[in-house]
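Below is one structure; the comments refer to it alone.
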Amino acid sequence: MLKKSPFENYLEILSDSAKILNLSDAVIEKLKTPNKIHQYEIETSTGKKFNAYRVQFNNARGPYKGGIRFHPEADIQEVKALAALMAIKCAVVNIPLGGGKGGVQCSPKELNAEEMQDISRAWVQKMAPFIGPRQDIPAPDVYTNPQIMGYMLDEYEKIKGKSLPGVITGKPIELGGSQGRGAATAQGGVYILLDYIKRIGKKPEDLTVAVQGFGNAGYHAASILHSHGFKIIAVSDSKGGIYDKKGMNPENIFNGKKQFGSIQDALQAKLDGKICAESTCCSPDFISNEEILEIECDILIPAALDGVLTIDNAEKVKASIILELANGPLTPDADNIFEKNNITVIPDVLANAGGVTVSYFELVQNIQNFYWTEEEVQGRLKNIMLTAFSDIIDFSIEKKVTLRRAAFVLAVQRIVKAMELRGQI
Ligand code: GLU
């Protein structure tokens, strides 16, 4: 079967929400169409050329907000879908921001540090007229990080000739980043998960977790959950994963990956006797990135890329809870299968919204030029995440719909209300 694009998936769930909300065709058309698409070719000093994008989807509730992805699959269709999802996500957690997304279609693993910096600066040179603290605020996403945000801030401020740290979030703390931003995506998801397992009468010690993806979201999720007593039995990165039913310490895996390049290379190094047992996990087995999704566990956390759980493998998933830390890891078909099989899916637009929520805090701190402590950030993040979750649970019970449908309907309702109040529809 032909795989649907992320944007087609967005349209499907949008039309589902539109039916529940009884929206007119004219309104649906507006919600399907991005406000602006900026698309350029950028070049590194070594002469490599790449497509660069910024899609500004909807700003009815506030300035456009959303990350910039450096990835070979970051084409206009993908960036458009992710921009739409950012508008939904900001509305789900009810922060005063709209939705946008950026991308550069490139393979970061084949680029050196200088080329990465060139790409970052070139992206800003093209997009500078369209971004700004009151206009559109980018942030990190797949294969972009605080260092890249630092280059981008520098380039933007050079162009504008003044200090404007609120143009971009996810910055290093030294450049106006917020406490807690690094782990925020995972932390927000953990707040929801802890609340959910309490509601169903379970304890962390009794639950096993598999995490696909060991980047910013996946690593922090594994680490925070481990500190709460959950048993982390499987983790993977883009090269593959490892599994140990006795549980593993994510810090050791992180150190092994740092030293040897990938999780599996670290395990291989241990098997070859290159590192001592203490510096890595117990005695895990190798598993593939496909196997990790089907492993016997209680909680599955897809924290890498979109479209990994589909009609082809959804029936094989054994977890009873899926926490979507990646953007769009489930296709709508897979979602239907999980609903039928009574698997609870905590949807991406809620589960990973902690990242953009702390980005919002970062923007607020930059604008007021007054900074909060880690405790203040955590308190506010927890409050926003749990309020959103409680609204969504209430709605899903009242309307007898899944958490994803409830989240989308609430978000679309909020966006439509803002558009109505502006007289746009
Ligand atoms: N890239 C993250 C996301 O998809 C964060 C976006 C932001 O902080 O603006 O939610």
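The values are calculated or read from the model by the stated rules, or taken from the named source; none is laboratory data. Not measured: the values here are computed from a predicted model. Reconstructed Cβ throughout: ideal geometry from the backbone, glycine too, with neighbour counts over all protein chains shown.
Got a sec? Which of Gly229, Gly201 is without any contact (Cβ under 8 Å) to a residue 24 or more places away in the chain, in a loop (DSSP other than H, G, I, E, B) and more than 16 Å from the ligand (Cβ to nearest atom)?
Values: Gly229 fails: without any contact (Cβ under 8 Å) to a residue 24 or more places away in the chain.
After ruling out the rest, the residue left standing is Gly201.
For every residue, the table says whether it meets (1) charged (D, E, K, R); (2) touching a strand residue (DSSP E or B) at 6+ places or on another chain (Cβ under 7 Å); (3) surrounded by 15 or more Cβ atoms within 10 Å (Cβ to Cβ).
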position	(1), (2), (3)
Asn9	no, no, yes
Ser17	no, no, yes
Asn22	no, no, no
Ala26	no, no, no
His38	no, yes, yes
Ser45	no, no, no
Asn51	no, yes, yes
Phe57	no, yes, yes
Lys65	yes, yes, yes
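Anything in segment 338-364 that is away from the ligand (no atom under 14 Å from the Cβ) and either among the β-branched types (Val, Ile, Thr) or in contact (Cβ under 8 Å) with a residue 24 or more places away in the chain (or both)? List them, or say none.
Within segment 338-364, the subset away from the ligand (no atom under 14 Å from the Cβ) is 338-346.
Those that are away from the ligand (no atom under 14 Å from the Cβ) and either among the β-branched types (Val, Ile, Thr) or in contact (Cβ under 8 Å) with a residue 24 or more places away in the chain (or both): Phe338, Glu339, Asn341, Ile343, Thr344, Val345, Ile346.
Kindly indicate whether Gly47 is free of Cβ contacts under 8 Å to residues at least 12 places away in the same chain and more than 19 Å from the chain's Cα centre (by Cα). Yes. The residue pairs whose first member lies in segment 166-195 and is within 12 Å of the ligand (Cβ to nearest atom) and assigned to a helix (DSSP H, G or I), whose second member is among the polar types (S, T, N, Q) and at pLDDT below 95, and whose beta carbons are closer than 7 Å, counting only pairs six or more residues apart or on different chains, are Thr185/Asn216.
Just to be sure, is Asn327 in contact with an Asp or Glu (Cβ under 7 Å, 6 or more places away or on another chain) and over 16 Å from Phe214 (Cβ atoms)?
On the way: in contact with an Asp or Glu (Cβ under 7 Å, 6 or more places away or on another chain): yes; over 16 Å from Phe214 (Cβ atoms): yes.
Yes: the conditions hold for Asn327.
A search for C-beta distances below 8 Å between a residue of segment 119-137 that is touching a residue at least 40 places away in the same chain (Cβ under 8 Å) and farther than 15 Å from Leu164 by Cβ and any residue that is among the polar types (S, T, N, Q) and away from the ligand (no atom under 15 Å from the Cβ), counting only pairs 6+ apart in sequence or on different chains, returns Ile119/Thr44; Ala122/Thr44. Can you name the residue in segment 67-76 that is crowded, with 23+ Cβ neighbours inside 10 Å and away from the ligand (no atom under 11 Å from the Cβ) and, of all such residues, is farthest from Trp123 (Cα to Cα)? If we take residues in segment 67-76 being crowded, with 23+ Cβ neighbours inside 10 Å and away from the ligand (no atom under 11 Å from the Cβ), then Ala74 is farthest from Trp123 (Cα to Cα). Residues that are in a strand (DSSP E or B) and among the charged types (D, E, K, R) are absent from segment 242-259.
Does segment 356-372 contain at least one residue that is closer than 20 Å to Leu31 by Cβ, under 20 Å from the mean Cα position of the chain (by Cα) and modelled with pLDDT of 95 or more? I'd like the intermediate steps shown before the answer.
Filtering segment 356-372 down to residues closer than 20 Å to Leu31 by Cβ leaves 356.
Next cut, under 20 Å from the mean Cα position of the chain (by Cα) only: 356.
With the extra rule that they be modelled with pLDDT of 95 or more, the set shrinks to 356.
Yes; the residues of segment 356-372 include at least one that is closer than 20 Å to Leu31 by Cβ, under 20 Å from the mean Cα position of the chain (by Cα) and modelled with pLDDT of 95 or more.
For segment 365-392, filtered to residues that are surrounded by 17 or more Cβ atoms within 10 Å (Cβ to Cβ) and within 21 Å of Ile200 (Cβ to Cβ), the residue that is farthest from the ligand (Cβ to nearest atom) is Asp391.
Residues considered: Glu251, Glu296, Glu291. Of these, the only one that is closer than 27 Å to Pro204 by Cβ, among the charged types (D, E, K, R), in contact with a helix residue (DSSP H, G or I) (Cβ under 8 Å, 6 or more places away or on another chain) and surrounded by fewer than 20 Cβ atoms within 10 Å (Cβ to Cβ) is Glu251.
Working carefully through the options Val104, Val79, find the one that is touching a residue at least 40 places away in the same chain (Cβ under 8 Å), more than 11 Å from the ligand (Cβ to nearest atom) and closer than 25 Å to Ser238 by Cβ. Spell out how you get there, then give the answer.
Values: Val79 fails: touching a residue at least 40 places away in the same chain (Cβ under 8 Å).
Testing whether each residue is touching a residue at least 40 places away in the same chain (Cβ under 8 Å), more than 11 Å from the ligand (Cβ to nearest atom) and closer than 25 Å to Ser238 by Cβ leaves just Val104.
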